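The values are calculated or read from the model by the stated rules, or taken from the named source; none is laboratory data. The model shown is predicted, which means the values in this text are computed figures rather than measured ones. Glycine also receives a Cβ, built like all others from the backbone with ideal geometry; neighbour counts cover every protein chain displayed.
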Amino acid sequence: MTDLDLRTPAALAAAERWTAHNYHPLPVVIADAEGAWVTDVDGRRYLDFLAGYSALNFGHRHPGLIAAAHAQLDRLTLTSRAFVHDQFADFCQGLAELCGKDLVLPMNTGAEAVETGIKVARKWGYQVKGVPDGQAEIIVAADNFHGRTTTIISFSTDPDARDDFGPYTPGFKIIPYGDLAALADAITPNTVAVLLEPIQGEAGVLVPVEGYFAGVRELCDDANVLFIADEIQSGLGRTGKTFAIEHEGVVPDMYLLGKALGGGIVPVSAVAANRDVLGVLKPGEHGSTFGGNPLACAVGAEVVRLLATGEFQERSARLGARLHDSLTALIGQGVLAVRGRGLWAGVDIDPALMTGREAVERLAARGVLAKDTHGSTIRLAPPLVVTEEDLDHAVAQLAAILR
């Protein structure tokens, strides 16, 4: 095939012409995928080390998930929550039991789950805690990433996410991530919730010091404040456990879930909490036309069944140890630091060598797809179906671009 026969340039030009420039994608046009590998429109294969920001924890086109989707497509795809469909209770019960919670509220996107968590926390604060109307406060961490709605970007510290989108929603306090003293100082009688990511992915896969979340749990208990864990990226097997917060032996009052919950097929998100929290919602106070639709529930229920076996959590823990050992061996050879848990790593490249963007462009040229974040940091998050050989190959390509 000559350069004149390549389809990628025309596809990229069309995308550039007809879409808003809210992303800066790598020059790769994917047409097919299976497992941990994707193929572009010109037949070039790439190892996927991003996995749709953890939406593809089970790989591309997992056979069990595809079968569940196909079976449901032949029967029923949408009813709206004005009625009950035959997949709804199965999904909600399975997910509630996986989370160890009483109730589940299904939505679609991760941002919707976060918005739902905010609304529930505020209503709980007014109806249960007794916070004066309109005075509820939620504490969040600097460098967070919880989504891109106007409410969520109101408590972002990322200029790209926040600037020029005001006026901003009040009711949030921002403190340094990992700082228990700052959290203790920020809590007031009007605090209804503390919303945190167990690992900050967008910030560079930042893991707080051991004991931080135990301290968060204690402070929340002492002040009658809800602890909300945003497990949208970190949950559902990514870090070697079902939820990343489990590494700290802590149980939050509310889980926010998404991404992998849809199996890489449909957008599925959910909030899971006990009845004394989620039970504050009454009919008509919150909803979604597509939230909890039959297709989403059929796929989501199969995701829950896959996780219930523990196989994917074990793979992530075992292969994650191999990945981190291999990456750590590159420190001093162009890598400054490695962070993360399970099959999730943030890698700081020496900025004297290249930026994060330059690193992922060079990796793509060698057949590995990853994503940069701030400065010279790149994120690696392969599907949990990745093999040892795939991991070794990807790390070898990273080592090669650092030489």
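On inspection, Leu65 does not qualify as touching a Ser or Thr at 6+ places or on another chain (Cβ under 8 Å) and buried (at least 18 other Cβ atoms within 10 Å of the Cβ). From the list Ala111, Ala51, Ala68, the lone residue that is in the same structural domain as Gly279 (by TED's automatic domain parsing) and at pLDDT 95 or above is Ala111. Listed by first and then second residue, the pairs with beta-carbon distance under 7 Å, at least 6 apart or on different chains, first residue in segment 28-39 and in a strand (DSSP E or B), second basic (Lys, Arg), are Ala33/Arg61; Glu34/Arg61; Trp37/Arg45; Thr39/Arg45. Quick one: in segment 217-239, of everything that is over 20 Å from Gly340 (Cα atoms) and under 21 Å from the mean Cα position of the chain (by Cα), which residue is surrounded by the most Cβ atoms within 10 Å (Cβ to Cβ)? Residue satisfying both the conditions and the ranking: Ile228.
Based on this model, can you work out whether Gly249 counts as at pLDDT 95 or above and crowded, with 21+ Cβ neighbours inside 10 Å? Judged against the criteria, Gly249 is not a match. Filtering Pro159, Pro176, Pro167, Pro198 for residues that are touching a residue at least 24 places away in the same chain (Cβ under 8 Å) and exposed (fewer than 15 other Cβ atoms within 10 Å of the Cβ) leaves a single hit, Pro176.
So that you can scan it fast, the table gives a plain yes or no per residue for (1) more than 19 Å from the chain's Cα centre (by Cα); (2) of a type in the set (Val, Ile, Thr):
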| residue | (1), (2) |
| --- | --- |
| Phe145 | no, no |
| Phe165 | yes, no |
| Gly171 | yes, no |
| Ile175 | yes, yes |
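If you check Ala270, Ala229 for being in contact (Cβ under 8 Å) with a residue 60 or more places away in the chain and touching a Pro at 6+ places or on another chain (Cβ under 7 Å), only one passes: Ala270. Among the numbered conditions (1) of a type outside the set (Gly, Ala, Ser); (2) within 21 Å of His374 (Cβ to Cβ); (3) in contact with a helix residue (DSSP H, G or I) (Cβ under 6 Å, 6 or more places away or on another chain), the only one that Leu236 does not meet is (2). Of everything in segment 383-396 that is in contact with a helix residue (DSSP H, G or I) (Cβ under 6 Å, 6 or more places away or on another chain) and not β-branched (Val, Ile, Thr), the residue that is farthest from Gly35 (Cα to Cα) is Leu391.
Criterion first (touching a strand residue (DSSP E or B) at 6+ places or on another chain (Cβ under 6 Å) and of a type in the set (Asp, Glu)) does Asp86 satisfy it? For Asp86, the condition - touching a strand residue (DSSP E or B) at 6+ places or on another chain (Cβ under 6 Å) and of a type in the set (Asp, Glu) - is not met.
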